[in-house]
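Structure first, then comments.
The values are calculated or read from the model by the stated rules, or taken from the named source; none is laboratory data. Values in this document were obtained by computation on a predicted structure and should not be read as measured data. So basically every Cβ, Gly included, is an ideal-geometry build from the backbone, and we count neighbours across all protein chains shown. Calculation scope for accessible area: heavy atoms of the full protein, side chains included, ligands and nucleic acids excluded. Shrake-Rupley method; radii C 1.70, N 1.55, O 1.52, S 1.80 Å.
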Amino acid sequence: MKKYIQILLFGTALFVLFPFLGNDFRNGAWGREEAKAGVLADSNLVTLHGALRVEGTGLADQNGEPIRLKGMSTHGIAWFPEYINYEAFRTLRDDWKTNCVRLAMYTEEYNGYCSGGSQEELKALVKKGVDLGTELGMYVIIDWHILSDSDPNIHKEDAIAFFEEMSQYCKNHNNVIYEICNEPNGYATWDSIKRYAREVIPVIRANDPDGVILVGTPTWSQEIQMAAEDPLEYENIMYTLHFYAATHTDWLRVRLEECVQQGLPVFVSEFGLCDASGNGQNDFAQAEQWMALLETYQVSCCGWNLANKEESSSVIVAGCEKTSGWAQEDLSEGGQWLRNYYRSLDR
Ligand code: IDC
């Protein structure tokens, strides 16, 4: 009997308090079951915006309205698989106000896909990330994260098989974007990247004809002017520019602006506030200039990285074991800045 009275009192309190509860509680902070049951249907961005396509220099939604993706990139998913979880993505959606997650899968570094990592486990993790994004109404980028393997042609056969399987899996999802090579560098020329792209893109397109595809550019995805001069002949393609605010300054911003003004579709699929090593001091003054430029041209972007590694680009402080629901003090200096920035866009 006592129990029923308690339940009754609790119910009445909830009813009375409901109008005063925060937006987060009313709109976002429900449990997984309510989310699944469709209580969150109106907050499901992917239902609202549907499949995206490249329009001008940016992205448009299913109604032809411009949409800007903004979000976080994971660190390498083989290093930090624990952040591919429902609550983590939900925190990024509801607390950070982001609409996109990039799944970075290294090909070479630390148990990379082509250097001894379990390909089956990594593919399962990517699919899990895609499914979580679908469930939560977030766009997901599948990133073939080449780095020390400078030229994407080095692992071209693996890339073809990987994207064949992923595009088969994702063809009925309208929230997936394919990034076919993170950062070509060293001797990888624009010609060799184009050669690679011409083999990988048709494989994806055969399964998922309308999927947006991101193509990396030479010198760690900085030479977008080469793509502007000599673009690929496919529709629905964007070229990536990456910056780290403490290293890349005016000269790279000028390049971005010039290329966008020439009509090049650009996606900043990775950026950092610190230097290009992923560590060192953050440069918030430069970061502000970058963000102002990205906003001017509505360039979509993903911050590096969702992990608790001891480096300034990790947004969670080293030693914090929480894999979701981070409080202010769980976030690094850069993490707090990024969260505040994304929240400030939610207007
Ligand atoms: C860095 C990680 C670091 C890791 C290293 C591996 O932050 O923990 O040890 O890779 O070599 C990039 C790359 C991205 C880098 C990042 C920072 O896309 O993989 O991550 N960066 O160096 N391009 C420019 C900077």
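Data table
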| quantity | calculated |
| --- | --- |
| Options Ala292, Ala285, Ala276, Ala245: the member that is in contact with a Phe, Trp or Tyr (Cβ under 9 Å, 6 or more places away or on another chain), within 21 Å of Trp337 (Cβ to Cβ) and open to solvent by 50 Å² or more (accessible area, probe 1.4 Å) | Ala276 |
| Set Thr217, Thr240, Thr249: member being within 16 Å of the ligand (Cβ to nearest atom), modelled with pLDDT of 95 or more, more than 19 Å from the chain's Cα centre (by Cα) and of a type in the set (S, T, N, Q) | Thr249 |
| Lone unmet requirement of (1) within 15 Å of the ligand (Cβ to nearest atom); (2) hydrophobic (A, V, I, L, M, F, W, C); (3) assigned to a loop (DSSP other than H, G, I, E, B) for Leu232 | (1) |
| Some residue of region 296-316 being more than 16 Å from the ligand (Cβ to nearest atom), surrounded by fewer than 21 Cβ atoms within 10 Å (Cβ to Cβ) and not in a helix (DSSP H, G or I) | yes |
| Selected residue (criterion: farthest from the ligand (Cβ to nearest atom)) from residues of region 277-294 that are under 21 Å from the mean Cα position of the chain (by Cα) and assigned to a loop (DSSP other than H, G, I, E, B) | Asn282 |
| Strands (runs of 3 or more DSSP E) (entirely within region 45-135) containing at least 1 residues that are open to solvent by 40 Å² or more (accessible area, probe 1.4 Å) and under 30 Å from Asp151 (Cβ atoms) | 53-55 |
| Given (1) away from the ligand (no atom under 16 Å from the Cβ); (2) part of a helix (DSSP H, G or I), index of the condition Glu321 fails | (2) |
| Where Cys274 falls short, out of the listed (1) outside any loop (DSSP other than H, G, I, E, B); (2) under 19 Å from the mean Cα position of the chain (by Cα) | (1) |
| Search result, residues across region 143-182 that are open to solvent by less than 20 Å² (accessible area, probe 1.4 Å), more than 16 Å from the ligand (Cβ to nearest atom), in contact (Cβ under 8 Å) with a residue 40 or more places away in the chain and not in a helix (DSSP H, G or I) | Asn175, Val176, Ile177 |
